[in-house]
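Down below is the structure, laid out as structure tokens.
The values are calculated or read from the model by the stated rules, or taken from the named source; none is laboratory data. A quick note: this is a predicted structure, and the numbers were derived from the prediction, not measured. We place every Cβ from the backbone using ideal geometry, glycine too, and count neighbours over all the protein chains shown. Quick note on the areas: whole protein, heavy atoms, side chains included, nothing else; ligands and nucleic acids left out. Shrake-Rupley method; radii C 1.70, N 1.55, O 1.52, S 1.80 Å.
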Amino acid sequence: MGWFKDPQRDSRDDIRAAQQALVYAGYPHGDAVTEVATHLSRVRAALAAPRHAMLAGFLTGAGMAVGFFLVLTLALGGLGLLLGTLGDSGTPTEFVPSAAPAPQADSSPGSPLGILPAVAVAAPVLGLAGAGMSRVTRNRWRRAGVLETFVDLRPRRRYLLETAVVWLAVAGLIVLIVWAMAGSQLGATVAQMLAFFGVPIGAAAFAAWFAKLHAWILPRVSPLDAAEAARPIIEREAARQIKTERDFYGASGYDRTAYDRNRWADEILGTESEGYFAEAQRREDRARNIAQRSGAYSYGMSGWRRLARYALIAGALTVVGWLFIQRLVWIMWPFASPEEFGVEVDIVAVALGLALGVGLTWIYARYFEGL
């Protein structure tokens, strides 16, 4: 069971030094510990070797699949035992021993062994999804600048597009497997339900649990010392913050402290080749870069161009919603003819699709572009 123990890849001295740097900068000790741990996980995800990151992602996805089916099997088995004990009348039935059944070669679909084929298929598929998500996580934090700074991270939303590409590929693979295993008639209906409902809900649940589990597995796969790489970044940013406060408030406010954080900050900043005013210019340029790249894809864009872009997004989402709702009606009533519904279905589908398109466009503009 040694694999489940904390491997302690990171240097304890570097961790303590990074935490002390944030305490010097004014962070409470508890917040400093939390911030350092968070930054270490991001640095490890950005610096880990690609083979280690993808192996950790594969193990994460496969482990989530096995855990889900294990919990499902235990829940169904417990429910079956409960129903068998209560019987049809809702009261406990007397147990009467009977002759042992004849052995069967194959397990029935309701037995615990009947779920093994599903586990054998789901584990590698979700493992591939985890490997892809590990690559997305690596690219996300590298673009954000975790290897350069601690506080001026550049928020980029390109990882959302990469996540969508990963799950589109995984969804296609799942649909093809289900279609092939369930047959042509039943497979088409099940595959459509999976494509419209099962995969999106599963992807949301997967994303909710993937980050923490991947951060737990990655140190057990990768021998990287993230604290060694993160310490100088955190110390440099903390020293810059101390110098900024000292220049604004004056040095007298720090002379009576128990530690000489001014001297510490000067020693850290003395190792840099650029001066303070050059650093201030760098911060200004970075702030301008953040304003251009963060949620404001419409940065510097005229109102008409922005409106045209939103109209295009809303129109595309409306068409997708209309086709989805119309298809959903035919899935729910497969034996109904078009004459039974008439144009009412199309009108309702267009109205709901329009509401869906406008609503999602508003959410995108409000929360992704900050308008």
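Among the residues of the range 167-189, which ones are at pLDDT below 75 and either surrounded by fewer than 17 Cβ atoms within 10 Å (Cβ to Cβ) or under 19 Å from the mean Cα position of the chain (by Cα) (or both)?
Hits for the range 167-189 are 180, 181, 182, 183, 184, 185, 186, 188, 189.
On the given criteria, is residue 37 open to solvent by 50 Å² or more (accessible area, probe 1.4 Å) and at negative phi?
Judged against the criteria, residue 37 is a match.
Is it the case that the range 215-227 has a residue that's of a type outside the set (Gly, Ala, Ser), open to solvent by 60 Å² or more (accessible area, probe 1.4 Å), within 20 Å of the chain's Cα centre (by Cα) and within 27 Å of residue 148 (Cβ to Cβ)?
Taking the range 215-227 first, the residues of a type outside the set (Gly, Ala, Ser) are 216-221, 223-225.
Those still in the list that are open to solvent by 60 Å² or more (accessible area, probe 1.4 Å) too: 216, 223.
Add one more test, that the residue is within 20 Å of the chain's Cα centre (by Cα), and what stays is 216.
Those still in the list that are within 27 Å of residue 148 (Cβ to Cβ) too: 216.
Scanning the range 215-227, I find at least one residue that is of a type outside the set (Gly, Ala, Ser), open to solvent by 60 Å² or more (accessible area, probe 1.4 Å), within 20 Å of the chain's Cα centre (by Cα) and within 27 Å of residue 148 (Cβ to Cβ), so the answer is yes.
Matching residues to (1) β-branched (Val, Ile, Thr); (2) more than 29 Å from residue 10 (Cα to Cα); (3) surrounded by fewer than 13 Cβ atoms within 10 Å (Cβ to Cβ):
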residue	(1), (2), (3)
44	no, no, no
58	no, no, no
76	no, yes, no
79	no, yes, yes
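Residue by residue, here is whether (1) under 27 Å from the mean Cα position of the chain (by Cα); (2) modelled with pLDDT of 75 or more; (3) assigned to a helix (DSSP H, G or I); (4) of a type outside the set (D, E, K, R) holds:
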residue: 68; (1), (2), (3), (4): yes, yes, yes, yes
residue: 113; (1), (2), (3), (4): no, no, yes, yes
residue: 146; (1), (2), (3), (4): yes, yes, no, yes
residue: 165; (1), (2), (3), (4): yes, yes, yes, yes
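Please pick out the residue among 245, 235 that is modelled with pLDDT of 85 or more, in a helix (DSSP H, G or I) and open to solvent by less than 80 Å² (accessible area, probe 1.4 Å).
So the residue among 245, 235 that is modelled with pLDDT of 85 or more, in a helix (DSSP H, G or I) and open to solvent by less than 80 Å² (accessible area, probe 1.4 Å) is 235.
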